[in-house]
Structure formats: structure tokens, C-alpha cells
1. Among the residues of region 184-228, write down those that are within 19 Å of V146 (Cα to Cα), of a type in the set (S, T, N, Q) and surrounded by fewer than 13 Cβ atoms within 10 Å (Cβ to Cβ).
2. Of (1) without any contact (Cβ under 8 Å) to a residue 60 or more places away in the chain; (2) surrounded by 14 or more Cβ atoms within 10 Å (Cβ to Cβ); (3) assigned to a helix (DSSP H, G or I), W241 satisfies all except one. Which?
3. May I ask you to say which residue of A187, A216, A222 is small (G, A, S), within 26 Å of H142 (Cα to Cα) and in contact (Cβ under 8 Å) with a residue 12 or more places away in the chain?
4. Give me the pairs, please: first residue somewhere in region 170-183 and touching a residue at least 12 places away in the same chain (Cβ under 8 Å) and crowded, with 16+ Cβ neighbours inside 10 Å, second residue anywhere and in a loop (DSSP other than H, G, I, E, B) and aromatic (F, W, Y), beta-carbon distance under 6 Å, and either six or more positions apart or on two chains.
5. Can you find a residue in region 92-104 that is under 15 Å from the mean Cα position of the chain (by Cα) and under 19 Å from L236 (Cα atoms)?
Amino acid sequence: MACGLHGTCEQEDFSSRPDQCFLLSYRAYAREIYTKRKPRPRPHSNTRFWIAASPSSILEQIDIQATGAAYGVGLTAALKDIAHHQPRFETPLLSGDYSVVRAYVISFDGPPPVMCSGSFAPEQDFDGLELQDLNDLSVTPHMMSVTSFFGGLHGNVVFVWLPEDDPVCIPFVSSLASITDADLSSALVRFLFEFFENVHISPPWWRSLSREHQIALIHRMAASANPRLGRSPGCLRPDGWSVPAWAVIKREWIGTSP
């Protein structure tokens, strides 16, 4: 993996240093910027294309048109949010001062079987309590990142945010921190499939799940990706499905405390 600024490299083992946590977060955020800004078709602005490409049913066509319109509204809001957040993320990177970084690091004795890297706006915590209303487009949402990876010595899931986002991110992480080690892996699987589409899954781990559990996770990811539906209240609460516990070595707060 490539080196970051100021000599921090990913060739070294992960040790929960603030600079390491920040660079994980910056990479996740940079990916979000790229996916939102890269040239792409604008389905919500080309009605004739969508009608031609859609199924013959008028109701299906209307549904596709509505989904395209919702996507367009969401993309416009996301670009506005990027304009707000990008300078905040660039300041520590360019100055080399990572003292403001907040993180919650969970370390496991092996690689997590579900890995991803992304940034997101926590809407509700793991107890189902609402943290912010993403339907209010007049307000810039609080953001955080998560990266699930193998750090050379241990597996890690790392949540990172900046001080401005404390009002939402600390309650979100606190609700995760209250979950027992036995239930933690199931909670993380629900979260990763709920919030991200770029998950990388261990094939043996996936095959170890029942077909019913696989279908439930696929439906969770597909439903959460629909811009018209949004997330269900309490979507991160236990849903009746569990996975074998990933052996937790430690959990630690970086730069702050609950």
C-alpha cells in the first residue's frame, strides 16, 4: 500500500496511532468524493431514456422515474455536503497535526471476514435511537468513516471522525461499545451490509451462513441502497440472525472518551 504525507506508510503494522486512523478515514472519504463527482449518466434528467429502458408496465415506469428523481436529489445534496467536509479533512492531512482525530478501534485476533472502507452519516444508533435527520437537506450531516481490514498483527474495525461530529458520532459509537463481545460481530455485520455496497466477503465465511441468512443480508443491502425507501427505524438492532463471534482482543477510544 502507498505512503501518505509526512512519512506515514501502510507498510507498517497498524497500532491505532491517530495519524494511521486519520489516513484510513481520508481514504474512505476520498472514495466517496470520487464516486459522487465522477462523470456518470443522469437518469433523473432523461425521461425518454428511462421509459425506453424500463419494463412495459406503466407503474414500473413511474417507479423507475421516481427512483431516478430521488437519486438526483440525493446526489445534489451529497455534493453540497462534500464542499463543506472536504476542507475539514484536508487540514490535518496538509498540516500533519492529527491531534484532533477521534477514533474507536476494535481489534480481533484474525482478519474480519467482512471488510470495507467507506464514510457515512449515522442516522440512528445500535439501540434504534435517531441521531440526525438526513431528510432535512438544509442541514449538513455529521460524518464518520469505517474501515474493516487486517493490520499486519490483528484484524481491525476502525471508526474515525473529527471534533465537529462529536454530537452524533460519540453516541453512535457508545451504543456500539455497549454491545458484548459475543454479539459484536453480528452487530457489525448488520451495520456493514446496511450502510455499504462495497463489502468484501470471505467466501468460506459466506458459505458457512444458512441460505436464509444470506438472503436476509442481500435484501438488507438492496433495500438500504434504494434512495426512495431510506433505512427502517431500528435497522441496526438485533434481527434474529447471528454469526459466530470474532474473537475480540481489545477495544479502545482514540482522542476522546464516551
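1. Result: N198, single match.
2. (3)
3. A187
4. S175/F126; L176/F126
5. Yes, because at least one residue in region 92-104 is under 15 Å from the mean Cα position of the chain (by Cα) and under 19 Å from L236 (Cα atoms).
For every residue, the table says whether it meets (1) assigned to a helix (DSSP H, G or I); (2) touching a Leu at 6+ places or on another chain (Cβ under 8 Å); (3) of a type in the set (F, W, Y).
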{"residue": "F191", "(1), (2), (3)": "yes, yes, yes"}
{"residue": "R207", "(1), (2), (3)": "yes, no, no"}
{"residue": "C235", "(1), (2), (3)": "no, no, no"}
{"residue": "K250", "(1), (2), (3)": "no, no, no"}
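Just so you know, all these numbers are worked out from the coordinates, no wet-lab data involved. For clarity, every value in this text was computed on a predicted model and none was experimentally measured. Backbone-built Cβ (ideal geometry, glycine too); neighbour counts: all protein chains shown.
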